[in-house]
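A short write-up of the structure that comes next.
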Amino acid sequence: MRRRQFIAGLGSAAAWPVVVRAQQAAMPVIGFLSSASNAPPSGPERTPKGFRAGLNEAGYFVGRNVTIEVFLANGRYDRLPALANEMVRRQVSLIVASGGLPAARAALAATAKIPVLFVVGIDPVELGLVPRINRPGGNATGMSTYTTELLAKRLQLMREVVPHASLVALLVNPLSPVAGIETDDMEGMARPNGFRLLALKASDQGELEKMFASAVDDHADALLISADPFVTTRRHQIVALAARHGLPVVYPWKEYTEGGGLMSYGPSLTMAYHAIGLYAGRILKGANPGELPVQFPTAFEFVINLKTAKTLGLTIPETLLATADEVVQ
């Protein structure tokens, strides 16, 4: 039941300076900077399918007329600056900073010349990544997915399924610079909405196990998950832990729900990276990133997994089912 479409507007752009194009040899190299964990598959296959699809649509195919080199921080955000500097040393043609604010900041700190495409979950102007949205200037543009701002919406959906929740947990990565923003936002919503907040912090696999156990020990009624890149790469483990402990969880991406999670609300990651792939193709052809507007999702996906709801003994209101974009039976 996919009723909404994700539309990414692509504006016209002037040519990017010849000094940058000169770096692009017969086979341009895209440096893909990610804070994700080191897991299979390998090489360019580690990049999102949506990104590669966007590149293909723009006329670029890995191994034929473009190369992708993947630089993974394996959840260690402190490694991102060194990885970004290595990209600059190798003179890549373009940097895709995947993995939120830490990757974007590392890339922009490393170079003011090589084009940078970022994917972040909050307003990039507020974060200081770019001075403007429509014509960001400089060497960077990208996508803001609004994931941090959507915490309130996910809380609202959770309370429709668990209306009497008195203790709500929030799982964040303490190494992420937006963890404090997310926690403060939830604290601000707690008292007016009649619940207490249990902040859970995990930055590695072992801590995830402990945090779920802690949520159960403290009798949390439900859990919200941060859209942090490290947390997202552990989604299979998180969905399994939620099932093991019988904990209702609302997630930021549909990939969780398709893998057995209860509910998710957020933009399409596939479409976000598809738009970044299209931008990458345009930049490789000479477009100036500073003339390409920062993009935002125009639609969001609400997915419910009815099978998981039944397993948890939860009844999903018909009014909520009617608003879902997709229902997993």
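Against the condition buried (at least 22 other Cβ atoms within 10 Å of the Cβ) and farther than 22 Å from Val125 by Cβ, how does Ser264 come out, does it pass?
Judged against the criteria, Ser264 is a match.
Can you name every residue in the range 191-214 that is touching a helix residue (DSSP H, G or I) at 6+ places or on another chain (Cβ under 7 Å) and open to solvent by less than 20 Å² (accessible area, probe 1.4 Å)?
Matches in the range 191-214: Leu200, Ala202, Leu208, Phe212.
Being more than 20 Å from Thr232 (Cα to Cα) and either buried (at least 24 other Cβ atoms within 10 Å of the Cβ) or aliphatic (A, V, I, L, M) (or both) is true for just one of Val116, Val70. Which residue is that?
Unique residue meeting the criteria: Val116.
For the range 170-190, enumerate the residues that are surrounded by fewer than 22 Cβ atoms within 10 Å (Cβ to Cβ) and among the charged types (D, E, K, R).
Hits for the range 170-190 are Asp184, Asp185, Glu187.
Exactly one condition in (1) in contact with a strand residue (DSSP E or B) (Cβ under 6 Å, 6 or more places away or on another chain); (2) on the phi > 0 side of the Ramachandran plot is false for Ile304; which is it?
The failed condition is (2).
Being modelled with pLDDT under 95 and touching a Ser or Thr at 6+ places or on another chain (Cβ under 6 Å) is true for just one of Thr257, Thr270, Thr233. Which residue is that?
Matching residue, one of Thr257, Thr270, Thr233: Thr233.
Please determine whether any residue of the range 157-165 is surrounded by 24 or more Cβ atoms within 10 Å (Cβ to Cβ) and touching a Leu at 6+ places or on another chain (Cβ under 8 Å).
Within the range 157-165, none of the residues are surrounded by 24 or more Cβ atoms within 10 Å (Cβ to Cβ) and touching a Leu at 6+ places or on another chain (Cβ under 8 Å).
Being open to solvent by 30 Å² or more (accessible area, probe 1.4 Å) and out of contact with any Pro (no Cβ under 9 Å at 6 or more places or on another chain) is the filter here, so list the residues in the range 215-231 that pass it.
Val216, Asp217, Asp218, His219
Out of Thr148, Thr111, report the one residue that is open to solvent by less than 60 Å² (accessible area, probe 1.4 Å), farther than 26 Å from Phe302 by Cβ and touching a helix residue (DSSP H, G or I) at 6+ places or on another chain (Cβ under 8 Å).
Going through Thr148, Thr111 in turn, the sole match is Thr111.
Checking Glu258 against (1) free of Cβ contacts under 8 Å to residues at least 60 places away in the same chain; (2) open to solvent by 30 Å² or more (accessible area, probe 1.4 Å): exactly one of these is not met. Which one?
Result: Glu258 fails condition (1) only.
For the range 307-314, state whether one or more residues are touching a strand residue (DSSP E or B) at 6+ places or on another chain (Cβ under 6 Å) and either under 18 Å from Leu157 (Cα atoms) or touching a residue at least 24 places away in the same chain (Cβ under 8 Å) (or both).
Looking through the range 307-314, none of the residues is touching a strand residue (DSSP E or B) at 6+ places or on another chain (Cβ under 6 Å) and either under 18 Å from Leu157 (Cα atoms) or touching a residue at least 24 places away in the same chain (Cβ under 8 Å) (or both).
For the range 237-252, enumerate the residues that are out of contact with any Gly (no Cβ under 9 Å at 6 or more places or on another chain) and crowded, with 20+ Cβ neighbours inside 10 Å.
Answer for the range 237-252, where residues must be out of contact with any Gly (no Cβ under 9 Å at 6 or more places or on another chain) and crowded, with 20+ Cβ neighbours inside 10 Å: Leu241, Pro248.
All but one of (1) open to solvent by less than 20 Å² (accessible area, probe 1.4 Å); (2) of a type in the set (Asp, Glu); (3) more than 20 Å from the chain's Cα centre (by Cα) hold for Glu318; which doesn't?
(1)
Within the range 296-314, identify whether any single residue is of a type in the set (Ser, Thr, Tyr), open to solvent by less than 20 Å² (accessible area, probe 1.4 Å) and either at pLDDT 95 or above or in contact with a Lys or Arg (Cβ under 7 Å, 6 or more places away or on another chain) (or both), and answer yes or no.
No, because not a single residue in the range 296-314 is of a type in the set (Ser, Thr, Tyr), open to solvent by less than 20 Å² (accessible area, probe 1.4 Å) and either at pLDDT 95 or above or in contact with a Lys or Arg (Cβ under 7 Å, 6 or more places away or on another chain) (or both).
Considering only residues that are hydrophobic (A, V, I, L, M, F, W, C) and farther than 26 Å from Gly246 by Cβ, which ones fall in the range 145-178? Lay out the reasoning, then the answer.
Within the range 145-178, the subset hydrophobic (A, V, I, L, M, F, W, C) is 150-152, 155, 157-158, 161-162, 165, 167-172, 175, 178.
Within the range 145-178, Leu175, Val178 qualify.
Looking at (1) over 23 Å from Ser166 (Cβ atoms); (2) more than 14 Å from the chain's Cα centre (by Cα); (3) buried (at least 24 other Cβ atoms within 10 Å of the Cβ), can you tell me which one Ala272 breaks?
Here Ala272 clears every test but (2).
Of the residues Thr147, Thr183, only one is within 26 Å of Phe51 (Cα to Cα) and either in contact with a strand residue (DSSP E or B) (Cβ under 9 Å, 6 or more places away or on another chain) or part of a strand (DSSP E or B) (or both); which?
Thr147
The values are calculated or read from the model by the stated rules, or taken from the named source; none is laboratory data. The shown structure was predicted, so the numbers you read here are calculated from the model rather than taken from an experiment. Every residue, glycine as well, gets a Cβ built from its backbone with ideal geometry; the counts of neighbours run over all protein chains shown. To get the accessible areas, we keep the full protein, side chains included, count just its heavy atoms, and leave off ligands, DNA and RNA. Shrake-Rupley method; radii C 1.70, N 1.55, O 1.52, S 1.80 Å.
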